[in-house]
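The values are calculated or read from the model by the stated rules, or taken from the named source; none is laboratory data. What you see is a predicted model, and the numbers here were worked out from it, not measured in a lab. Here Cβ is always computed from backbone atoms with ideal geometry, including for glycine, and neighbour counts include all displayed protein chains.
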Amino acid sequence: MIKIEKLHKSYPIGKGSLHVLKGLDLHIKEGEFVSIMGSSGSGKSTLLNIVGLLDNHDTGNYYLNGQLIENLDEKKAAILRNKFLGFVFQSFNLINYKSALENVALPLYYQGIGRKERNKIALQYLDKVGIKDRAEHLPSELSGGEKQRVAIARALVTNPKVVLADEPTGALDSATTHSVMELLKEINREGMTVFVITHEEDVAAETDRIVRLKDGIIISDEKVQKKSNRKSYV
Amino acid sequence: MIKFLFDTDTWQEIYSSIRKNKTRTAITIIGVMWGIFLLVVLLGAAKGVENNFNRLFGDFATNSVFVWAQQTSKPFKGFQEGKSLTLKMSDLESIKKEIPGLEFVVPRLQDQALAVNDFKSGRFGVFGDYPELDEVQKMDMVYGRFINHNDIIEKKKVCVIEEEIYKQLFDKDVQPIGTYIKINNINYKVIGMYKKGQIGSGGPQGNIHIPFTTFQQVYNRGEDVGWMMITGKPGFDITQIEADVKLLLKNLHKVHPEDDRAFGSFNLGKEIAKVTGFLTGMQFLTWFVGIATLIAGVFAIGNILLITVKERTKEIGIRRALGAKPWEIKRQIILESVFLTSIAGSLGIISGGIVLMIIDVTLGKGDEPALTNPTVDIPVILIAAATLVILGTLIGLIPAHTAVSIRPIEALREE
């Protein structure tokens, strides 16, 4: 689903440049639940931005859904983001003057789907994340956990190939963190590829595969040994 | 695009964006409103002045010139300077024959006379006129008719009076037509009454018109002509006609060709052109001031949108992460700009219209109004509105460009 070969990225800083990603190789298959671990400055956010088509890489190859990503202009990137990717952010990034339902429906708006239809779909996804009854509430009237559920519903509403979550639990308490992770797991169980970035060990532990990043290099990439057998869910 | 315009989300977004900057948006709108308001009011006022001018001079054919005889100022062909000249009926025939492009050549005779009706009397200007005068200087008849050819041929003792004279010589509510008044002790039958023209000529208290031939006979004028009014056909330059007529007259009366004082003239066309030129200048100035103010106002709208866009950087970043194409972001901001300018424009046009109505009621009424029908033509309003929308679109491009020039990643990072 996501295939990265010898990926390099550096940012200009003053006269010099900061080499953030130093030749990453990573292959994430369809249906995987992967977490990227690393302290701040390790390059994990940069990796997510490149994978999320929010930023360009310098050298190396990036294949998304088998398609080589190169020479993207903003318009093409926007279409690909809308079609293949769902974003979940640490700070939720909901639009504060739109209701939960309208927030969820927004990606469909950019697909050109009519209002009735997209509200219908959005409501289904709100139901899926368990907050259908909060549909008409504004983000300011929702709790942190509820906001992140709205954000997850919004990420899912276009039925993307990959859900990219950037510190999805960073702003949540431990109880809510657990429930959000459960939700992500459930989504993954239904076949969605989920790509989580975190610096919390226990969040990473909830995923199936942990990729550790340090100073722009992958230092480890291992499957998580679960106490409960995951196959029992299937 | 049509779907975009009628989408609730589109307008919801504009509404929420405006709501965030209520005061600033209102002040900005006032800026544009003021521009179009000035344009409407000034153009309306200019139109009012023009209408008033046309009302004053409208009675006269604008391409006309008055010519009269004076005294020579240069000796010529054995005559001393200071020779008194008089126009003759034969001069008129020559002018008609020799000079091309003439519409009418109307001779007039003039004198002062005492007019009496029963016990009322007054001194008025008396004119000997041809029916053609009505063509050159439109008579606004209240009752009856003007002098006709039959009156001329039969040298009838009839007269046409001005409303002013009626007021002085007749009791209120008396029908003047068919009655007789004495002018210098000769009875004349009143055949018509006209409303006072804005530019009176002759008598200080009103004019009486009698047939030209009657005047000739009664006042013993022979073939003399007091002065004449000449109008040119459309397409002929009245200034050229004026020069040609005067040169011909000098020739006929044995006057030095360079004697500028021998014949006097008043070129109405030239005078009107002066005022028209002034009015055109005034309208040009109005457009200039109005458009300049409009542009300043529209720039203010561009400015406020830049601020709004800056404040919404993060939101725009979110939208783009969710798949908004740059154009979809841009058109939203451009529409906002056009929407604001249109609202401001409509308010400006409406308030301008109201002010013009107030001006019309206060300054445009009465006998001597300063303005007549201060109005602005619908096409002018449409042009102004179109200019506004175009300017709004152009200025909207600037914040729209800013909105998409920030990369979504940087926009999302913004707190």
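General observations
- Criterion applied to B:Ile18, B:Ile30 was being of a type in the set (Val, Ile, Thr), assigned by TED's automatic domain parsing to the domain that holds B:Gly364 and over 17 Å from B:Val338 (Cβ atoms), and the one residue passing it is B:Ile30.
- B:Gly317 of a type in the set (Gly, Ala, Ser), part of a helix (DSSP H, G or I), within 14 Å of chain A (Cβ to nearest Cβ) and touching a residue at least 40 places away in the same chain (Cβ under 8 Å): yes
- Evaluation of B:Arg123 against (1) surrounded by fewer than 19 Cβ atoms within 10 Å (Cβ to Cβ); (2) out of contact with any Leu (no Cβ under 9 Å at 6 or more places or on another chain); (3) over 15 Å from B:Phe212 (Cβ atoms) (one fails), failing number: (2)
- Residue ID - farthest from the other protein chains (Cβ to nearest Cβ), chosen from residues in the stretch A:106-136 that are of a type in the set (Ser, Thr, Tyr) and within 21 Å of B:Phe6 (Cα to Cα): A:Tyr109
- Residue in the stretch B:81-102 that is part of a helix (DSSP H, G or I), of a type in the set (Gly, Ala, Ser), assigned by TED's automatic domain parsing to the domain that holds B:Gly352 and at pLDDT 80 or above present: no
- Test result for B:Thr393, of a type in the set (Ser, Thr, Tyr), more than 25 Å from the chain's Cα centre (by Cα) and away from chain A (no Cβ under 14 Å): yes
- Conditions (1) surrounded by fewer than 18 Cβ atoms within 10 Å (Cβ to Cβ); (2) away from chain A (no Cβ under 14 Å); (3) within 18 Å of B:Tyr15 (Cα to Cα); (4) not small (Gly, Ala, Ser): number failed by B:Ile333: (1)
- So A:Gly114, is it without any contact (Cβ under 8 Å) to a residue 40 or more places away in the chain and within 19 Å of B:Lys325 (Cα to Cα): yes
- Candidate set: the stretch A:59-81, residues that are within 9 Å of chain B (Cβ to nearest Cβ) and closer than 18 Å to A:Glu30 by Cα; chosen: the one surrounded by the most Cβ atoms within 10 Å (Cβ to Cβ): A:Arg81
- B:Ile354 satisfies every condition listed in (1) modelled with pLDDT of 90 or more; (2) within 14 Å of chain A (Cβ to nearest Cβ) except (2).
- One residue from A:Ser179, A:Ser99, A:Ser91 being of a type in the set (Gly, Ala, Ser) and farther than 26 Å from A:Gly31 by Cα: A:Ser99
- Qualifying residue in the stretch B:252-260 (condition: in contact with a Ser or Thr (Cβ under 9 Å, 6 or more places away or on another chain), closer than 25 Å to B:Asp111 by Cβ and at pLDDT 80 or above): yes
- Selected residue (criterion: nearest to A:Tyr109 (Cα to Cα)) from residues of the stretch B:7-22 that are part of a helix (DSSP H, G or I) and without any contact (Cβ under 8 Å) to a residue 40 or more places away in the chain: B:Asp9
- Members of the stretch A:2-42 found to be crowded, with 18+ Cβ neighbours inside 10 Å and in a loop (DSSP other than H, G, I, E, B), listed by number: A:Glu32, A:Gly38, A:Ser42
- Taking (1) outside any helix (DSSP H, G or I); (2) farther than 23 Å from B:Ala324 by Cβ; (3) without any contact (Cβ under 8 Å) to a residue 12 or more places away in the chain in turn, A:Asn159 satisfies each apart from (2).
- As for the stretch A:43-58, it holds at least one residue that is on the phi > 0 side of the Ramachandran plot, surrounded by 14 or more Cβ atoms within 10 Å (Cβ to Cβ), under 17 Å from the mean Cα position of the chain (by Cα) and of a type in the set (A, V, I, L, M).
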